[in-house]
1. Mind listing just one residue for me: the one in segment 218-235 that is of a type outside the set (D, E, K, R) and assigned to a loop (DSSP other than H, G, I, E, B) and, of those, farthest from L208 (Cα to Cα)?
2. Could you check, for segment 162-179, whether at least one of its residues is in contact with a Gly (Cβ under 6 Å, 6 or more places away or on another chain) and closer than 28 Å to L107 by Cβ?
3. Which residue pairs have Cβ atoms under 8 Å apart, sit 6 or more places apart or on different chains, and have a first residue in segment 163-181 that is part of a helix (DSSP H, G or I) and a second that is among the polar types (S, T, N, Q)?
4. Any idea how many residues of segment 49-63 are open to solvent by 40 Å² or more (accessible area, probe 1.4 Å) and modelled with pLDDT of 80 or more?
5. How many residues, within segment 10-25, are within 17 Å of the chain's Cα centre (by Cα) and without any contact (Cβ under 8 Å) to a residue 60 or more places away in the chain?
6. For F209, indicate whether it is aromatic (F, W, Y), within 30 Å of A58 (Cα to Cα) and out of contact with any His (no Cβ under 6 Å at 6 or more places or on another chain).
7. Only one of (1) in a helix (DSSP H, G or I); (2) at pLDDT below 80; (3) not basic (K, R) fails for A66. Which number is that?
Amino acid sequence: AIAQMQGGINPWVALPMAVAGSALVGLFVGGLSFRYGLKGSYFALVTLAFAEGFRILALSVPFTGAGVGLMLPLKESLGNMQFGSRKGYVFLILALVTLALLVSWWLKNSRFGAWLQAVRDNEDAARAIGVNPFNVKMGAIALSGGFMGAAGAFYVQVFQYIDPGIAYGSVTSVEALVAAIVGGIGTVWGPVLGALVLHILADITRNLFGQLPGINMVIYGVVLVLIVMFLPRGI
């Protein structure tokens with residue numbers, strides 16, 4: 001959004017810039033965290049802390065729109081990544097999801113994917129067979145950041161508005177995490193299935209309890225606890 005509004009950059013050019021920029025942010029956060037040996041819940045807390053820091057910073061500087069946010073002007077055209085109907089956005093997100101699935105499939109069947117599994121299971125054992133856990137985790141967080149950057153760029157084009165709360169709020173982080181856990185961590189289709197289930201669940205709770213703000217986060221918490229207790233490998 002900043003590249004488009006402040007720099008006048010075409011959204012098709014801004015998309016890979018968002019991917020690269022998010023990957024670099026991931027490398028920055030990962031470099032600081034992994035250098036000091038943070039892992040598991042401690043690493044999760046640090047990433048949430050960084051997100052909150054970025055949110056506060058975005059609220060304080062003018063080029064992000066501060067607390068008001070940024071609203072993109074409506075210019076419907078394929079070249080401007082803004083479509084007259086939802087069909088265009090559906091095809092675009094299907095292309096992005098297909099790309100993400102292909103990368104996930106590659107990870108599952110590649111040497112780098114095997115390194116990731118080795119580091120996940122036992123870092124000391126992985127190090128003993130010649131795998132560098134730091135480099136592997138840095139590669140993983142860069143990939144993760146790049147995907148989130150692509151999703152953010154798509155979100156801006158669909159809703160034509162973004163603010164620091166949407167970009168860095170805890171809701172976004174929790175939804176991304178819960179979708180993967182519900183669907184099944186370490187699987188190709190798990191995050192897609194988890195996101196689908198959560199989206200349907202959110203629609204149902206919104207229709208039933210629409211007058212209660214934040215009820216969707218309560219439902220997400222309950223679902224997460226139940227999944228961890230009874231379906232630790234996801235659905």
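The values are calculated or read from the model by the stated rules, or taken from the named source; none is laboratory data. Since we're looking at a predicted model, the values are computed, not measured. We place every Cβ from the backbone using ideal geometry, glycine too, and count neighbours over all the protein chains shown. These accessible areas exclude ligands, DNA and RNA; they are computed on the full protein's heavy atoms, side chains included. Shrake-Rupley method; radii C 1.70, N 1.55, O 1.52, S 1.80 Å.
1. So in segment 218-235, the residues of a type outside the set (D, E, K, R) come out as 218-232, 234-235.
Checking the rest, the ones that are also assigned to a loop (DSSP other than H, G, I, E, B) come to 231-232, 234-235.
Details: L231: 26, P232: 28, G234: 26, I235: 24 Å.
Selected residue: P232.
2. For segment 162-179, residues in contact with a Gly (Cβ under 6 Å, 6 or more places away or on another chain) and closer than 28 Å to L107 by Cβ: present.
3. P164/T64; I166/T172; S173/T47
4. Within segment 49-63, residues that are open to solvent by 40 Å² or more (accessible area, probe 1.4 Å) and modelled with pLDDT of 80 or more number 10.
5. Within segment 10-25, the first condition is being within 17 Å of the chain's Cα centre (by Cα), and the residues that meet it are 15-25.
With without any contact (Cβ under 8 Å) to a residue 60 or more places away in the chain added as a condition, the list becomes 16-17.
Adding up the residues that qualify gives 2.
6. Here the answer is no, as F209 does not meet what is asked.
7. (1)
Each row is one residue, and each column tells you yes or no for (1) surrounded by 11 or more Cβ atoms within 10 Å (Cβ to Cβ); (2) modelled with pLDDT of 85 or more; (3) not in a loop (DSSP other than H, G, I, E, B).
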{"residue": "F34", "(1), (2), (3)": "yes, yes, yes"}
{"residue": "Y42", "(1), (2), (3)": "yes, no, yes"}
{"residue": "T47", "(1), (2), (3)": "yes, yes, yes"}
{"residue": "K75", "(1), (2), (3)": "yes, no, no"}
{"residue": "Y89", "(1), (2), (3)": "yes, yes, yes"}
{"residue": "I93", "(1), (2), (3)": "yes, yes, yes"}
